[in-house]
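Visitor: The structure that follows is given in the form of structure tokens.
The values are calculated or read from the model by the stated rules, or taken from the named source; none is laboratory data. It should be emphasised that the depicted structure is a prediction, and the values quoted were computed from it without experimental measurement. Cβ sites come from the backbone with ideal geometry, for glycine too, and all protein chains shown count toward neighbours. Calculation scope for accessible area: heavy atoms of the full protein, side chains included, ligands and nucleic acids excluded. Shrake-Rupley method; radii C 1.70, N 1.55, O 1.52, S 1.80 Å.
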Amino acid sequence: MININEYTLDELEEYIEMLGEKKFHAKQIFKWLHKEKIESFDDMTDISKSLRDKLKEQTYILKLSIINVQKSKKDGTIKFLIKLEDDTAIESVFMKYNYGNSMCVSSQVGCKMGCKFCASTKEGYVRNLLASEIEGQIIAVEKYTGERISNVVYMGIGEPLDNYDNVVKSIRLINYPLGLNIGARHISLSTCGVVPNIYKLADENIQSTLSISLHCTTDIERKKIMPIANKYTINELLEACRYYIKTTGRRISFEYALINDVNDTKEDALNLVKLLRGMIAHVNLIPVNEIKNGVYIKSKEKNIEIFMNTLNSSGIVSTVRRELGSDIDAACGQLRQKHIEENNQ
Ligand code: SAH
């Protein structure tokens, strides 16, 4: 059976023509699936019974099931554990901001990158998500909350640039005016620094924002907490970032998790200023989320403040990320980690 949600509009048009039907039906069907988010072919009221029957014979509508929900009492953040068709599980987070509703989506089941402070990596890597499974998280959450999502960040489980083709396809799916209609400028991809694919993405002509998980200012320190640093140096990473900025005209966000006694001294901040000087960039400082069985703890308030002030007074715009959902398992990967542990007991 074909997962019909996986077709782009062009692919759906080709498929409908192959069925011996008129191409324009593809637009109607696409809208039913991606905008109206229907779960049954019988709800496609402007599609003939015979075409619906053909579709039912060969295809199915992807449905992801929400199996656990944690709601923050503080700020309305909702974290979802979502089950895929092969019974693996991923996480998605719904967040309310004053500019609209935002969602954090997963791009893989598990992760290979092995960042030491990250919960997503603890239960290992299983597989890439399909484009429709990435989009499907938004569909499931829009249906659950009854709210429209206007911003999407690829900061859930997985490394988006390690699942390049499906991730790029998912951006196109999410972007269609006939579908979820979320503007590319409202979509942000986060990477630990898969350098060749930063170049590839720059040439894709998609207007999405790029975030780089930098977290350290020297290769020696970065290698201690991020294995990807053994493959690409900070210089190579920043060279790719400069290419991305030049090619797309988009500014880059740098993520910097502040970890006590690891990367949070004034000297680190001054190093960061040197690295980013002259780049159109923004730094997101994230007091590290302490995960289960993790060894890293948050920087002290005073050090966070000194770090931020050092950046800002040197002209590097930085903000401390508002910690949404701090009363739930908000750091990505935590809910899945718990789920797997409970099921193994
Ligand atoms: N693999 C991608 C996207 C997923 S992680 C990436 O590395 O960018 C999303 C962001 O959360 C990354 O910046 C990641 O480094 C950060 N992160 C992961 N675990 C964290 C934790 N425990 N505390 C703070 N930030 C964390």
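Visitor: Rounded to the nearest 0.05, what FRET efficiency is calculated for Asn230 and Lys266 with R0 set to 22 Å and r the Cβ-Cβ distance?
Guide: 0.20
Visitor: Let me ask something additional. When only Cα pairs under 8 Å and 6 or more residues apart are kept, what is the percent relative contact order across the chain?
Guide: Relative contact order, the chain: 16 percent.
Visitor: Continuing with the same structure: What whole number of Å gives the distance from the Cα centroid of the range 1-62 to the Cα centroid of the range 135-167?
Guide: 22
Visitor: While we're looking at this one, here's another question. How many Å² of accessible area per residue for the range 2-60, probe 1.4 Å?
Guide: 52
Visitor: Now, a different point. Convert each backbone phi in the range 109-116 into a coupling constant with the Karplus relation 6.51 cos²θ - 1.76 cosθ + 1.60 (shift: θ = phi - 60°), then list the ³J(HN,Hα) values in order as whole Hz, x for Gly and Pro.
Guide: 8, x, 7, 9, 6, x, 4, 5
Visitor: With a 1.4 Å probe and every protein chain left in place, work out the accessible area per residue of the range 65-343 in Å², rounded to a whole number.
Guide: On a per-residue basis, 42 Å².
Visitor: Report ³J(HN,Hα) in whole Hz for each residue of the range 4-16, in order, from the Karplus equation J = 6.51 cos²θ - 1.76 cosθ + 1.60 where θ = phi - 60°; Gly and Pro get x.
Guide: Ordered by residue, 3J(HN,Hα) equals 5, 5, 7, 6, 6, 4, 4, 5, 5, 4, 4, 5, 5 Hz.
Visitor: Could you look at the chain and say what percent of its accessible area is carbon and sulfur, using a 1.4 Å probe and all protein chains?
Guide: 49
Visitor: Separate question: Stretch Glu301-Ile67 to full length: gain in nm at 0.36 nm per residue minus the Cα-Cα span?
Guide: Result for the pair: 80.6 nm of gain on full extension.
Visitor: Which whole-Hz ³J(HN,Hα) couplings does the range 198-203 yield from phi under the Karplus relation 6.51 cos²θ - 1.76 cosθ + 1.60, θ = phi - 60°, glycine and proline marked x?
Guide: Along the range 198-203, the couplings run 5, 4, 4, 5, 4, 7 Hz.
Visitor: Okay, next question. Extension gain Asn293-Arg127, at 0.36 nm per residue separation less the Cα-Cα distance, in nm?
Guide: Extending this stretch completely gives an extra 57.4 nm.
Visitor: Taking 0.36 nm per residue of sequence separation and subtracting the Cα-Cα distance, how much length would be gained by fully extending the chain between Glu39 and Ser313, in nm to one decimal?
Guide: Net length gain for the segment: 93.3 nm.
Visitor: At q = 0.20 Å⁻¹, what base-10 log of I(q)/I(0) does the Debye formula yield for the range 108-235 when every alpha carbon is treated as an equal point scatterer in vacuo?
Guide: Each listed q maps to, in turn, -1.18.
Visitor: Let me ask something additional. Tell me what the chain gives for mean residue ellipticity at 222 nm when only DSSP H runs of n ≥ 4 count, each as -39,500 (n - 2.57), the sum divided by the residue total, rounded to 500 deg cm²/dmol.
Guide: Rounded to the nearest 500, the figure is -10500 deg cm²/dmol.
Visitor: Related question: Taking Cα pairs under 8 Å and at least six residues apart, what relative contact order does the range 57-160 come out at, in percent?
Guide: 28
Visitor: Need one word for the range 2-60: rounded, prolate or oblate. Basis is the Cα gyration tensor (sqrt eigenvalues a ≥ b ≥ c); a/c below 1.5 gives rounded, then a/b vs b/c decides.
Guide: Judged from the Cα gyration tensor, the range 2-60 comes out rounded (a/c under 1.5).
Visitor: Also, quick follow-up: Step through the table entries Lys266/Lys298; Lys37/Lys143; Lys73/Lys116; Lys31/Lys143; Lys116/Lys224; Lys37/Lys74, compare each Cα-Cα distance with 19 Å, and write down the pairs that go over it.
Guide: Checking Cα-Cα distances, Lys73/Lys116; Lys37/Lys74 exceed 19 Å.
Visitor: Filter the chymotrypsin sites (Phe, Trp or Tyr not before Pro) in the range 1-36 down to the DSSP loop ones having no more than 13 other Cβ atoms within 10 Å, then list what survives.
Guide: Hits after loop and neighbour filter: Phe24.
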